[in-house]
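Participant: Just dropping this structure here.
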Amino acid sequence: MNFFRSYNKLLPPKNKENLNKKTLVLDLDETLVHSAFKRFDRGSDIILKIELEGRYHDIHVLVRPGVEEFLEKMAKQYELVVFTASLSKYAEPLVDRLDPKGTCFFRLFREHCTMINGAFVKDLKRLDRDLKDVIILDVKNK
């Protein structure tokens, strides 16, 4: 009997271009952006219309200054992965707007998380990368 958990690999093997790069995993919410269902006093950088449970909602987004430039520069040095516990119907169009040049080839969403004790967890072992070569940037709002 196999007592070890079987992990589905979330990323393909590294390509020739990324072979010697470390992997930088970026969270979306509170790291690259802040979003809410209501308008911000200072306005929104992006407004997304998202369907949830049969109703459309406006999601108001504030983008951290310099995100687009940050992604472009980091893509030259790292294999970039956006990994969020957010729904893909919200996160995919948002990342499209944040990264119009497509520097983040890999995008992982809630359905790629592992459920542990009722929480969505970004299980980095499932990336199929040597963890000594993985850096994660995930800011939590307190």
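Participant: Checking Pro93 against (1) modelled with pLDDT under 95; (2) more than 20 Å from Ile136 (Cβ to Cβ), only one condition comes out false. Which one?
Facilitator: (1)
Participant: Can you report the number of residues in region 61-104 which are surrounded by 16 or more Cβ atoms within 10 Å (Cβ to Cβ), not hydroxyl-bearing (Ser, Thr, Tyr) and not in a helix (DSSP H, G or I)?
Facilitator: 10
Participant: Can you find a residue that is modelled with pLDDT under 95, closer than 26 Å to Leu10 by Cα, surrounded by fewer than 14 Cβ atoms within 10 Å (Cβ to Cβ) and not hydrophobic (A, V, I, L, M, F, W, C) anywhere in region 35-48?
Facilitator: No, region 35-48 contains no residue that is modelled with pLDDT under 95, closer than 26 Å to Leu10 by Cα, surrounded by fewer than 14 Cβ atoms within 10 Å (Cβ to Cβ) and not hydrophobic (A, V, I, L, M, F, W, C).
Participant: Output the number of residues of region 102-142 satisfying the condition of being among the aromatic types (Phe, Trp, Tyr), under 11 Å from the mean Cα position of the chain (by Cα) and closer than 13 Å to Ala85 by Cα.
Facilitator: Total meeting the criteria: 1.
Participant: Determine which single condition Gly43 fails, assuming it passes every other condition in (1) in contact with a Lys or Arg (Cβ under 9 Å, 6 or more places away or on another chain); (2) part of a loop (DSSP other than H, G, I, E, B); (3) free of Cβ contacts under 8 Å to residues at least 40 places away in the same chain.
Facilitator: (1)
Participant: Please list, ordered by first then second residue, the pairs with beta carbon atoms under 9 Å, 6 or more apart or interchain, first in region 118-142 and at positive phi, second loosely packed, with under 11 Cβ neighbours inside 10 Å and assigned to a loop (DSSP other than H, G, I, E, B).
Facilitator: Asp128/Pro12; Asp128/Pro13
The values are calculated or read from the model by the stated rules, or taken from the named source; none is laboratory data. This structure is a prediction, so every number in the text was calculated from the model and none was measured. Counting neighbours? That spans all protein chains shown, and the Cβs are built from the backbone with ideal geometry, glycine included.
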